[in-house]
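The values are calculated or read from the model by the stated rules, or taken from the named source; none is laboratory data. Keep in mind the model is a prediction, meaning the values are calculated, not measured. All Cβ positions, even for glycine, are placed from backbone atoms using ideal geometry, and neighbour counts span all protein chains on display. Surface areas here come from the heavy atoms of the whole protein model, side chains and all, with no ligands, DNA or RNA. Shrake-Rupley method; radii C 1.70, N 1.55, O 1.52, S 1.80 Å.
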Number of protein chains: 2
Amino acid sequence: MNTLTQSAAWQALLNHRQDFNRTSLRQLFAQDTQRFQRFSLQAGPLFLDYSRNHLMSETLDLLTQLAQQAGLPDMIDAMFSGEPINSTEHRAVLHTALRDPYSAPIRVHGQDVTPLIEAVLERMESFVHQVRSGEWRGFTGLPITDVVNIGIGGSDLGPASVIAALPGDCTGPRVHFVSNVDGAQLTYTLRHLNPAQTLFIIASKTFTTQETLLNAHSARAWFMQTAGDASFVAQHFVALSTNETEVKRFGIDPRHMFEFWDWVGGRYSLWSAIGLSIALGIGMEKFRELLAGASIMDEHFRSAPLAQNMPVVMGLIGVWYINFFGAQTHAILPYDQGLERFVAHIQQVSMESTGKSVTLKGESVDYATGAVVWGGAGTNGQHAYYQLLHQGTTLIPADFIIPLQSRAPLGTHHQLLMANVLAQGEALMRGKTADEARQELLAQGLTEPDITALLPHKVFPGNRPSNTLTMSSLTPYTLGALLALYEHRTFVQGVVWNINTFDQWGVELGKQLARLIEPELASGKLSGTHDASTAGLISRILDSQDPHH
Amino acid sequence: MNTLTQSAAWQALLNHRQDFNRTSLRQLFAQDTQRFQRFSLQAGPLFLDYSRNHLMSETLDLLTQLAQQAGLPDMIDAMFSGEPINSTEHRAVLHTALRDPYSAPIRVHGQDVTPLIEAVLERMESFVHQVRSGEWRGFTGLPITDVVNIGIGGSDLGPASVIAALPGDCTGPRVHFVSNVDGAQLTYTLRHLNPAQTLFIIASKTFTTQETLLNAHSARAWFMQTAGDASFVAQHFVALSTNETEVKRFGIDPRHMFEFWDWVGGRYSLWSAIGLSIALGIGMEKFRELLAGASIMDEHFRSAPLAQNMPVVMGLIGVWYINFFGAQTHAILPYDQGLERFVAHIQQVSMESTGKSVTLKGESVDYATGAVVWGGAGTNGQHAYYQLLHQGTTLIPADFIIPLQSRAPLGTHHQLLMANVLAQGEALMRGKTADEARQELLAQGLTEPDITALLPHKVFPGNRPSNTLTMSSLTPYTLGALLALYEHRTFVQGVVWNINTFDQWGVELGKQLARLIEPELASGKLSGTHDASTAGLISRILDSQDPHH
């Protein structure tokens, strides 16, 4: 039997929720001049203002009681110390170890994993140096100018989001990412590249991921058209994997296979050898800064009291909106063009982790779990979907992310960017009353009938919550902290909901059914075990391929 | 008083909703072998399978009654005939006229607008020919190799999504898009461009959009660093605008200003002169194919009976999930890498149009309106957020979009892509029962205790709805139809909800507050009228700029 919704903390929160029907964010700010100081906190290089939320001190007390009741402090310790908290896969969860392999031994099944991590970091360092310095040569003797990372999901989004976020730090070869099995992505990526100067990174833990392997083989065929000799493959293909047999079979020299381990989940793997494309782009020193930024957040997460713990506070606020306000989504709104892909990465981290319906023990939950994470770069969104944030009927909690200083300063651009993000949070919170709107329309000289007709459309209900995260500027170090913050925020929610944050069984059925459909498409024969919709759609595909059709 | 939720059709739907607590999609397919034929339809080049939804014939009857009751047929006529249905702005809504200016006069305030449309199309044609042929020269006498479209919102997303969707048709100069006021976007876009061969398109209806004008001025400064002489600006900057005075002041020759009109909403403007960047990229002939594809969908929307009308059916299914199943989101999942930006464009079209809380007459609604539209290209999503679609706790209606044939065919890539999208729809619909999961685990040789522990995690509830849209391949023509489909789907929902689909007052408050904050940031002085959060954040920005800090 599931007891979360019957628990004391949950019931107290349900009661407390009613208090917010009688107050507004405007009123909460009016009542407490210390609200900003009270509801903001620093963690490493990040500052969080969470004062624009539907909460009071009591809310935070009750939410941290909920976390306590869920055993969050113990679960945090269990994760950091390498216990197999990914229980359905019997695995430890140690992406945190990747970021700090130097301070203390961390044992998995009795073996200290830190020397393994250090060894791979050193091999990466040496390889990255060779490629970036031009020492590493392609088959015609020319240095590498372009790196193509072929991977999907965690082997793509994490590295791709970091590279996109740090254009000013990308001093090495150009880094491209190919993930989709849609051949157009590979074709258009390779169109302008020179095989003699291109290095492919094949990123697949098992080296059997269907999309990745098909793209890898097509890339190899493209390369061979020019290179001719299969022995050149070793100079142009490296692997991020654990499957040495398959890697060898592909033609990759096992010395150019960079390893990671079963205690590194795909969506948490950019910190491992999967980060090789990052290190090639920004250099090993800055890759280590990225790790260090994450590590400082790890340290904060592990040691700060729950109520002053940034990932905990953010995770609990998310739970508060999802379970007590019915929110089904969460918007991430960075005011930095480079963080557009960051949203996609966090979408994966969050939705793949918390999109679960059964508890650790396998009981069905009777409460909502993960939300749809979405968003994009401001100010673009202001001219697109913000209309719905301001005047729609649905509560959408939002995180604004602000680098206080630009690393590519240009005239007054950054000042205008900052004015906009502050204004958006302010507007969502305070709104505009009918009285205020009326005064403006009067000042514009509108007639009374026109005002009557227009007024309701010009009112903003306000009272819409947001967090604001700031950092001095967006660097490898601050980005590392930001990424780790959202990883831990996700874990906090998983613990409260009593689900396994670290498995992903839900991706299997689609793969399984695709394996049945593919031979049908290849042979042109329906097997007949499908529903009418699937069968009808298969027929349409087969018809479209029929040259006599 | 608001009567939608008290209306007969709404109440009947509320009752009918209960029927779906006693059945499942699996059962509906089992009961009716004609379900695929019954619930699928063709419109121009698009085919829609909507059989995998929670609906029966009765549902469709009741939903079309709801649409009838809302006056949808009259509203469709009113839109096409140029009535001022954007009532809060007293404007006609005639993006449909842009796609078919040749068949019949369309009058706005008594004036036939079709000659205006034709004239601009002809001017675009001549200009596009000059640039693409190399006849148009930059200030050093070289032809144009790169076009930079500077606009935001509708002046950016629509054209950007079309260019991204049609890489194989992009035979002209490279087309880049700069929208964000974050200076990094402009800086990194211009980094590798040659001012002597770059053409800037400044897209702003009023020529006062703050982000766009700041980017335009910075682009002009970048250009002038090389060009030196302001008279060269005329050869490198053109405007898409209605404000000739401001365009001239900027240094653009009014002969290079391409006009559009107040009956073209920003998010519906890619069909107007705002599409110039598209036409430069793919050529005028293919731009006209894009218009023709949209026009065929317009014709269908205008003439097909409600129950066989693709935008109507899709719009009503959306209403069904939002208002009767509590869905807050809608996922768009194209299986074509080029349609990644398409999702962002439709997100804007939908959310800016339906994110409203008052009716046309200004009454507050007591029902939900617009959903959060989100998504991205499959198969990528399968390795990211699909976990939540399959095993999460929230209903997320989804549209799969499938070009049956690839325009960049590569080995078996497209076959695998197709197998995947069909499998995903099938998996969402049928799920996997505990019995089925148990058989699999037994076949894998797991012990009974292991099965007991793992089984609940391997179960897929299924019964999750989706639409599937197919087209022969993704061309300007089919893309035009697809874009128009989603535009009209959005309008259908707006009519049912009795809101103004075509205004966007909700974007104003943020702009207004930003105008107050900007001088504070510039002067370093807080005015003191802000809430503590806004004031605190402004102080942090000012502190970060203080060199003595």
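Overview of results
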| quantity | calculated |
| --- | --- |
| Positive-end residue, the protein assembly as shown charge dipole about Cα centroid, Cβ charges, pick of B:Leu446, A:Pro519, A:Ile396 | A:Pro519 |
| Carbon + sulfur, % of accessible area of the range B:97-288 - ligands and nucleic acids excluded, 1.4 Å | 50 |
| Length added when fully stretched, B:Asp61-B:Ser527, from 0.36 nm per residue minus Cα-Cα | 161.9 nm |
| Cα gyration tensor, the range A:323-373 - rounded (a/c under 1.5), prolate or oblate | oblate |
| The protein assembly as shown, dipole about Cα centre (Lys/Arg Cβ +1, Asp/Glu Cβ -1), debye to the nearest 20 | 340 |
| Residue mean of other protein chain beta carbons inside 10 Å, A:499-508 | 6 |
| Shielded residues, the range A:151-186 - accessible-area loss of 30 Å² or more between chain alone and all protein chains, probe 1.4 Å | A:Ile152, A:Pro167, A:Asn180, A:Val181, A:Asp182, A:Gly183, A:Gln185 |
| List of the range B:372-390 residues, accessible area with partners at least 40 Å² below that of the chain alone (1.4 Å probe) | B:Val372, B:Trp374, B:Thr379, B:Asn380, B:His383, B:Ala384, B:Tyr385, B:Gln387, B:Leu388 |
| Label point distance in nm, B:Ser472-A:Trp136, each placed 7 Å from Cα along Cα→Cβ | 4.6 |
| Other copies of A:Ser57: label-to-label distances in nm, shortest first, labels 7 Å along the beta-carbon direction | 6.6 |
| Cα gyration tensor, the protein assembly as shown - rounded (a/c under 1.5), prolate or oblate | rounded |
| Size of the B/A contact, given as accessible area buried on both chains, probe 1.4 Å, in Å² | 11500 |
| Probe 1.4 Å, accessible area per residue of the protein assembly as shown, Å² | 34 |
| Pairwise label distance in nanometres, A:Thr447 with A:Asp366, each label 7 Å out on the Cα-Cβ vector | 6.0 |
| Percent of C-alpha pairs per 20 Å bin, chain A, short to long | 19, 49, 28, 4, 0 |
| FRET efficiency for B:Ser539 and A:His217, using Cβ-Cβ distance with R0 set to 56 Å, rounded to 0.05 | 0.50 |
| Inter-label distance for B:Asp19 and A:Ala104, nm, one decimal - labels placed 7 Å from Cα along Cα-to-Cβ | 6.3 |
| Test item: A:39-47 mean partner chain Cβ contacts at 10 Å | 1 |
| Gap separating the Cα centres of the range B:449-505 and the range A:125-178, nearest whole Å | 36 |
| Inter-copy spacing of A:Thr447 label points, which lie 7 Å from Cα along Cα→Cβ, given in nm from shortest upward | 8.6 |
| 18 Å Cα-Cα reach of B:Lys361 towards aspartates and glutamates, excluding residues that sit fewer than 8 places from it in its own chain | A:Glu448, A:Asp450, B:Asp74, B:Glu83, B:Glu89, B:Asp503 |
| From phi via Karplus (6.51, -1.76, 1.60), per-residue ³J(HN,Hα) for the range B:96-101 in Hz, x at Gly/Pro | 5, 5, 4, 8, 8, x |
| Calculated P(r) of the range A:374-433 - Cα pairs past 12 Å, % | 71 |
| Given 11 as the ceiling on other Cβ atoms within 10 Å, longest exposed-site-free region of chain B for trypsin sites (Lys or Arg not before Pro) in DSSP loops | B:192-360 |
| Calculated Rg and Dmax of the range B:318-418 using C-alpha coordinates, Å | 16.4, 57 |
| Residues listed by number, the range B:502-534, amide nitrogen under 14 Å from B:Asp546 label point at 7 Å toward C-beta | B:524-526 |
| Radius, Kirkwood style, for the range B:61-153 when every pair of distinct Cα atoms is counted (Å) | 16.8 |
| Shape of the range A:343-470, Cα gyration tensor, a/c cut at 1.5 | oblate |
| Cα Rg over Rh - the range B:97-288, Kirkwood | 0.95 |
| Inter-chain Cβ neighbour average for residues A:6-14, partner chain, 10 Å | 0 |
| For A:Arg515, inter-copy label distances in nm, listed shortest first [label point 7 Å out on the Cα-Cβ vector] | 6.2 |
| Using a Förster distance of 30 Å, the FRET efficiency for A:Asp77-B:Asp435 (Cβ separation, nearest 0.05) | 0.20 |
| Amide H partners (placed H, <5 Å) of A:Ala239, local residues excluded | A:Ile202, A:Met257, A:Phe258 |
| Separation between Cα centres of the range B:342-399 and the range B:288-324, rounded to whole Å | 17 |
| Dipole of the range B:97-288, positive end: most advanced residue of B:Ser126, B:Pro195, B:Cys170 [Cβ charges, Cα centre] | B:Pro195 |
| Which listed pairs, of A:Lys205/A:Lys248; A:Lys248/A:Lys511; B:Lys205/B:Lys286; A:Lys525/B:Lys458; B:Lys248/B:Lys511, have C-alpha distances above 21 Å, in listed order | A:Lys248/A:Lys511; B:Lys205/B:Lys286; A:Lys525/B:Lys458; B:Lys248/B:Lys511 |
| Only Lys, Arg (+1) and Asp, Glu (-1) charged, at Cβ; the range B:254-299 dipole about Cα centre in debye | 200 |
| Estimated dipole of chain A in Debye, rounded to 20 [Cβ of Lys and Arg +1, of Asp and Glu -1, Cα centre] | 480 |
